[in-house]
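Novice: Have a look at this one.
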Amino acid sequence: MTAETVKQISSKKRAINWHVLYTRPRSEKRVHERIEKEGIECYLPLHRTQRAWSDRVKLVDIPLISSYVFVKCKEYEVINLLKINGVVKVVFNEGKPALIRETEIDAIKEFLKQAEGKTLVTGDEVEILVGSMKKRTGKIIKIKKKYIYLHIEQLSATVCININSITPLNRLK
């Protein structure tokens, strides 16, 4: 190995890059908090969605990518993060901790920014896209996992329809 090659390898190890950690299921938020307490930059992409329980419906922030957290640190530091409770492993590529380009992190942030506010909630006006009710509009009165209940005023009726068969009407902001 030449001195030039050794310099390149050591500069890569000192470089601060984005890496990926795999976490225990449903512990991404806690891992994110613990890593930030260590003083390491961490990114957990979250998106807001509506979750239904037997007694209520609530908007919650859930991870965009389950069980993954992104950290920005030096290569040797990422291995030390395995000590943090909830971290299962470091994601590797070709025998080294996988690197994520800054542009890819920025793309995730931009995607979430554009998708923000596009979650369906009770009271939203939507248009039906398929079937005999195509092009009719209605107001969401209840949301289940795969189906929603719409009140269609023109018919004075409530219908149950697959959530993939509707689109939100343009909202004024």
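Novice: Filter the range 84-142 down to the residues that are in a loop (DSSP other than H, G, I, E, B) and of a type in the set (S, T, N, Q), then identify the one that is nearest to ASN17 (Cα to Cα). First the steps, then the outcome.
Specialist: So the first thing to find is which residues in the range 84-142 are in a loop (DSSP other than H, G, I, E, B), and the list is 84-86, 91, 94-95, 98-99, 101, 116-124, 129-136.
Keeping just the survivors that are of a type in the set (S, T, N, Q) gives 85, 119, 122, 132.
On the way: ASN85: 22, THR119: 32, THR122: 42, SER132: 53 Å.
Ranking the candidates gives ASN85 first.
Novice: So, in the range 1-58, of the ones that are assigned to a strand (DSSP E or B) and open to solvent by 80 Å² or more (accessible area, probe 1.4 Å), which residue ends up modelled with the lowest pLDDT?
Specialist: We begin by selecting, within the range 1-58, every residue assigned to a strand (DSSP E or B); these are 16-23, 41-43, 46-52, 57-58.
Next, only the ones that are open to solvent by 80 Å² or more (accessible area, probe 1.4 Å) stay: 16, 41, 48, 51, 58.
Working: ILE16: 93, GLU41: 96, ARG48: 81, ARG51: 72, LYS58: 77.
By that ranking, first place goes to ARG51.
Novice: Just the residues that are within 14 Å of the chain's Cα centre (by Cα) and of a type in the set (Val, Ile, Thr), please, taken from the range 20-66.
Specialist: THR49, VAL60, ILE62, ILE65 - these are the residues of the range 20-66 that are within 14 Å of the chain's Cα centre (by Cα) and of a type in the set (Val, Ile, Thr).
Novice: Now a separate question. Looking at (1) open to solvent by 40 Å² or more (accessible area, probe 1.4 Å); (2) modelled with pLDDT of 95 or more, find the lone condition where GLY86 falls short.
Specialist: (1)
Novice: Is at least one residue of the range 113-129 open to solvent by 90 Å² or more (accessible area, probe 1.4 Å), modelled with pLDDT of 95 or more and not hydrophobic (A, V, I, L, M, F, W, C)?
Specialist: First pass over the range 113-129, keeping only residues open to solvent by 90 Å² or more (accessible area, probe 1.4 Å): 113-114, 116, 118.
Right, trim to modelled with pLDDT of 95 or more and you get none.
Within the range 113-129, not a single residue is open to solvent by 90 Å² or more (accessible area, probe 1.4 Å), modelled with pLDDT of 95 or more and not hydrophobic (A, V, I, L, M, F, W, C).
Novice: What are the pairs, 6+ residues apart or on separate chains, where a residue within the range 18-37 that is within 13 Å of ILE65 (Cβ to Cβ) has its Cβ under 8 Å from a residue that is open to solvent by 90 Å² or more (accessible area, probe 1.4 Å) and modelled with pLDDT under 95?
Specialist: Within 8 Å, no pair qualifies.
Novice: Moving to a separate point now. Which ones in the range 143-173 are aliphatic (A, V, I, L, M) and either in contact with a Ser or Thr (Cβ under 6 Å, 6 or more places away or on another chain) or part of a strand (DSSP E or B) (or both)?
Specialist: Filtering the range 143-173 for residues aliphatic (A, V, I, L, M) gives 143, 148, 150, 152, 155, 157, 159, 161, 163, 166, 169, 172.
Listed by number, the residues that qualify are ILE143, ILE148, LEU150, ILE152, ALA157, VAL159, ILE161, ILE166.
Novice: Quick one: which residue in ASN170, ASN93 is farther than 15 Å from GLN50 by Cβ and modelled with pLDDT under 85? Give the derivation first.
Specialist: Details: ASN93 fails: modelled with pLDDT under 85.
Being farther than 15 Å from GLN50 by Cβ and modelled with pLDDT under 85 holds for just one of ASN170, ASN93, which is ASN170.
The values are calculated or read from the model by the stated rules, or taken from the named source; none is laboratory data. Not measured: the values here are computed from a predicted model. When we count neighbours, we look across all protein chains shown, and the Cβ atoms used for this are built from the backbone with ideal geometry, even at glycine. Only protein heavy atoms, including side chains, enter the accessible area calculation; ligands, DNA and RNA are left aside. Shrake-Rupley method; radii C 1.70, N 1.55, O 1.52, S 1.80 Å.
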